[in-house]
1. Pop a pseudo-label 7 angstrom from the Cα along the beta-carbon direction at both Ala323 and Ala101 and give the gap in nm to one decimal.
2. From Cα pairs below 8 angstrom and at least 6 apart in sequence, can you work out the relative contact order of the chain, rounded to a whole percent?
3. Which order do His656, His362, His121 take by accessible area at a 1.4 Å probe, largest first?
4. Full-extension gain between Thr565 and Ala38, please, as 0.36 nm times their residue separation minus the C-alpha to C-alpha distance.
5. Calculated from DSSP H runs of 4 or more alone, at -39500 (n - 2.57) each and per residue, what is the 222 nm mean residue ellipticity of the chain, nearest 500?
6. Do you know the Lys pair count in the chain for C-alpha distances under 28 Å, with sequence separation 8 or more or different chains?
7. Counting only DSSP beta bridges with both residues in the chain, what percent are antiparallel, rounded to the nearest 5?
8. Would you tell me the accessible area of Glu128, worked out with a 1.4 angstrom probe on the heavy atoms of the protein chains, in Å² to the nearest 10?
Amino acid sequence: MGRGEREAVAGGARLHAAARSLVEDHERAVRAAREALAPLLDAEVAQTLDAMPVARLQEATEGRLRLDPVEGSGLRTVRQVLDAGPGRLQQIPGVGRVTSAQLLGAARRLADAVRDSAPVHIDVDRPEPRTTALVAALHVLVAAGPDARRAVATAGTLDRRLGPLLAAAGPATGRLRMLVAGRDGRARALEAVAQVRSVVDEAARAGTGELLAQASVDLLRGPASDAAAWVDFELRAAEYYGVLSELSGQAPDTAAAEGFLPAEIADGVRAQQLTDAGLRVSLRGYQAFGARFVLARRRAMLGDEMGLGKTVQAIAVLTHLAAEGHSHFLVVCPAGVLVNWTREVETRSTLRVVPLHGPGRHDAFADWKGRGGVAVTTFDALRGFPLPGGGELGLFVVDEAHAVKNPRTLRARAVAAWAERCERVLLMTGTPMENRVTEFRSLVRMLDGDLADRLDTEPGLAGSVAFRTAVAPVYLRRNQDDVLTELPSLQHTDEWEELSPADLRAYHDAVAAGNFMAMRRAAYARPERSAKLRRLRDLVAEAGENGMKVMVFSYFRDVLEAVHTGLDAEPRAGGPVFGPLTGAVPPVRRQGLVDAFTAASGPAVLVAQIQAAGIGLNIQAASVVILCEPQIKPTLEHQAVARAHRIGQVRTVRVHRLLAPGGVDERLVRILTDKDRLFDAYARRSVAAEASPDAYDVSDTELARRIVEEERARLGVADAT
């Protein structure tokens, strides 16, 4: 046939080859990771079976086996039975060929069950060859990112479409082949050529060729070194564990991951499509379900326990709606998390974000109205903006929604008025609300007035299955223990807080005086007006609502006093406050404070100086760590976190570092991050670093001098001396 047909088929063949190559590259990377995972799983299975008594075989066979002869022969554990094999088992009196086969079959079923549920813990403090091999293999898949995931899915689709089409179009590549194909064969070939041309043209418009090529390059690029892979793992451990969960096939219980929703609601959520084209992170399965729930229900409350990624689920909903053509979104939140929201949207999506805060908020509002994007504002500022027209907002998001549970407050009225004008509304809260029916109902009313009216407020219904079923049309909550089957035992969150006017005045005075240490703690100089302290109280309260114990660290004693006083003066769900534990407290008394903190029933808070409590103490009861300010020596932070992180495989430890943008905190974080991270990684794992946090750190004096000079220049402040 003609040149056009041959060129179309050739173009299709090149695209098919690129797609096939990417699929193979991905399969190779997955295979390498699974091969690295296998010995770790084998070791975990062997250890578990070695601790499993032979009596468990009786349970596995519903009591059909007599195990006395087996135990009498010296085989005490399931692993010993497996290792013995049929030859050794059949030498035991009373154990014949059939019984031997039954014993081994039951033992293998137990081994398979253990393998299906065995967690793999990656210990960053004790890397060894097998875990290093796994981290390096996972690095390839994680570093390739969500773009590679989408590219592989696209490549798989192209492979399935183009393979049969190219085979059918084969006769069109030569005159002789067309002649011998017959009339029907020629017609099929020409139709296949037309479809190949359509697929190639569609791929060219979408930039698919470049997407596939880049993904192939990313999947072939390994880490620069094992140390580089470890450092990357520490920076984004959740993504590594997410990939690991997929590879191992270990997923949380479906019902738990879906919040134990009624079947008809869960089915509708699963049917909801979720487009992640504008998302820069990969979602865990339960997170994707959460985003689908919000989309499917349109007006919903996401009540996941803290640490499960409510923000990224909300951002996934925003990117999906943006892909559908919606252009304007609004997030309202406490002032303390406004900067966090801004940064999260910027780093985790391609969406434009517009903060509506401070003196220029009305100009920013006008800009957002004209250009669109994700506007982020505070509860107080919301009251100053005009209500939207119907259908104007793609999604109205209310973070920390429990802050508007009292319908009589001005902020609650403003939120309710906005919610009434919006077709899609998302309320977010990590505080369990289902045990407070009256407060819960006021939030439900913002979403569905009829449902709120139907909710029974009898105390006996609080927290019951009946109540959860009643609110299921609008409410989804998952708990950490139900869904974090393989998430890392350590999660870091930087909490960026805009300084209050009082904080800014104290900071300006410290810069003018050239007092570096005063600059670092200026955010707590006026405790009653401290933005960081307000956020700290919120974090403590949320942790307390979830029954968690909290450790609060600071370098400065006066900061600890302010924290202790602030928490005591405003009793909340965080429980009793112990400390401050400082260098002035004798070692025996220090352990006594830790013991009292640990023995406290329910949530509690331990306030401690980072130099005093960062070494030597095992504070295993804490599952939330709050750092009041960044430290000059990164090792101080690592040592302090390690006090609680020793809880290891038992519970996830969440670390919140309180930071203020634009000043000394941001400069400290940037300077320390820009250092040679690999050297720091080695240093932190060395014997010397374990013994002394002072090892391997930059000069305090030089760092302080540089930051003071930079801040004076930025603020236009002359030397006060």
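1. With each label placed 7 Å out from Cα toward Cβ, I get 5.2 nm.
2. 11 percent
3. Greatest to least solvent exposure: His362, His121, His656.
4. 184.5 nm
5. -18500 deg cm²/dmol
6. 11
7. Counting DSSP beta bridges with both partners in the chain, the antiparallel share is about 5 percent.
8. 60 Å²
The values are calculated or read from the model by the stated rules, or taken from the named source; none is laboratory data. Model, not experiment: these values are computed from the prediction. Backbone-built Cβ (ideal geometry, glycine too); neighbour counts: all protein chains shown. Note: accessible area is taken over every heavy atom of the protein model, side chains too, but ligands, DNA and RNA are not part of it. Shrake-Rupley method; radii C 1.70, N 1.55, O 1.52, S 1.80 Å.
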